[in-house]
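The block underneath contains the structure these notes are about, expressed in structure tokens.
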Ligand SMILES: Nc1nc2c(ncn2[C@@H]2O[C@H](COP(=O)(O)OP(=O)(O)OP(=O)(O)O)[C@@H](O)[C@H]2O)c(=O)[nH]1
Ligand SMILES: [Mg+2]
């Protein structure tokens, strides 16, 4: 009986498209980052504030991944940036094939940088390369400071950790030890950049903007 390694084949198809995406982005000189987090950590709020605050300085385009609805793409378009919504219809992560479609639908020649908001999930998206230049993990303080230890893969693979909702730390509304998260994330990934931010108040966001602008300059 012939054995078919289905798992390997699926992964290979994804890898082939990831390579295509990476080549397309390199040809066009556009950096691309993949935002990954649990549902509700604030990915779309961060993107909307970033688009608004960097208007005139950096042109962002967004590929939105959700199981259903185009709510997030609508929020991006309301901030006056182009967005392509992809519905995975149940899948817990975006595939490189879906991202390829997103890249062909975005007006790449009018953009400085492409950001992908992956499906809200701290586990599956970390296993699928999309052809991006790097992953960005978002952890909100309401989720607890044990998350790097419990979900190490995404913290180990990401270029940047955005610790969001730091406004909630005031008044002791949540128990969250930022220094513990810093040391755990650095234990898993010594090179990771860590930016504590509040997409609600804007606190700390300038550090993230400086990093993003530097990535675009490097590619431009
Ligand atoms: N207090 C506070 N709330 C925030 C902050 N950022 C986002 N939120 C709130 O958190 C909730 C979820 O935010 P979203 O931006 O939709 O989160 P998301 O990660 O895009 O969610 P999914 O796309 O469903 O995975 C919303 O009610 C936001 O207003 C923040 O910095 N501080
Ligand atoms: Mg979202």
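Compute the normalised compactness of the range 140-219: alpha-carbon radius of gyration over 2.2 N^0.38 Å, N being the residue count.
Numbers: Rg = 13.1 Å, N = 80, 2.2 N^0.38 = 11.6 Å.
My calculation over the Cα atoms of the range 140-219 gives 1.12.
Run lengths n ≥ 4 of DSSP H only: what is the helix-derived mean residue ellipticity at 222 nm for the chain, with -39500 (n - 2.57) per run over all residues, to the nearest 500? Present the calculation step by step, with values, prior to reporting the outcome.
Numbers: 8 runs with 88 residues, N = 220.
The per-residue figure over the chain is -12000 deg cm²/dmol.
How big, in percent, is the set of alpha carbon pairs in the range 98-196 lying more than 22 Å apart? Kindly include the intermediate steps, with their values, before the conclusion.
Details: 1784 of 4851 pairs.
When every Cα pair of the range 98-196 is considered, 37 percent fall beyond 22 Å.
Using the per-residue mean of other Cβ atoms lying within 10 Å as a proxy for protection, in what order, highest first, do the peptides 24-31, 160-167 fall?
So the peptides 24-31, 160-167, ranked by packing, come out 160-167, 24-31.
Which log10 I(q)/I(0) values does the range 24-78 give at q = 0.23, 0.31 Å⁻¹ under the Debye formula, counting every alpha carbon as one identical point scatterer?
Calculated log10 I(q)/I(0) at the listed q: -1.05, -1.37.
When Rg is the radius of gyration of the Cα atoms in the range 78-153 and Rh is its Kirkwood radius, what does Rg/Rh come to? Show your work: numbers first, answer last.
Numbers: Rg = 14.2 Å, Rh = 14.3 Å.
So for the range 78-153, dividing Rg by the Kirkwood Rh gives 1.00.
Normalised radius of gyration for the chain, please: alpha carbon Rg relative to 2.2 N^0.38 Å, two decimal places.
Details: Rg = 17.2 Å, N = 220, 2.2 N^0.38 = 17.1 Å.
After normalising by residue count via 2.2 N^0.38 Å, the value is 1.00.
Take every Cα pair under 8 Å in the chain that's 6+ residues apart, average their separations, divide by the length, and report that relative contact order as a whole percent. Can you show the working numbers first?
Numbers: 416 pairs, mean separation 53.0, N = 220.
Computed over the chain, the figure is 24 percent.
So if each residue of separation counts as 0.36 nm, and I subtract the Cα-Cα distance between residue 210 and residue 149, what length gain in nm does that give?
Details: separation 61, 0.36 × 61 = 21.96 nm, distance 2.80 nm.
Length gained between residue 210 and residue 149: 19.2 nm.
Report the semi-axes of the equivalent ellipsoid for the range 121-169 in whole Å, largest first, where each axis is √(5λ) for an eigenvalue λ of the Cα gyration tensor. Walk me through the numbers before you get to the answer.
Working: eigenvalues 86, 29, 13 Å².
The three semi-axes for the range 121-169 are 21, 12, 8 Å.
Jot down the radius of gyration and Dmax of the range 1-125, Cα atoms only, both in angstrom.
Reported Rg and Dmax, both Å: 15.3, 62.
Can you put 174, 114 in order of Cβ neighbours within 10 angstrom, beginning with the fewest? Write down the numbers at each step before the final one.
Numbers: 174 14, 114 26.
Neighbour counts put them in this order, fewest first: 174, 114.
Read-outs throughout are calculated quantities, based only on the coordinates presented, and are distinct from any laboratory measurement. Please read these numbers as outputs of a predicted model, since none were measured by experiment. All Cβ positions, glycine included, derive from the backbone under ideal geometry; neighbour counts span all protein chains shown.
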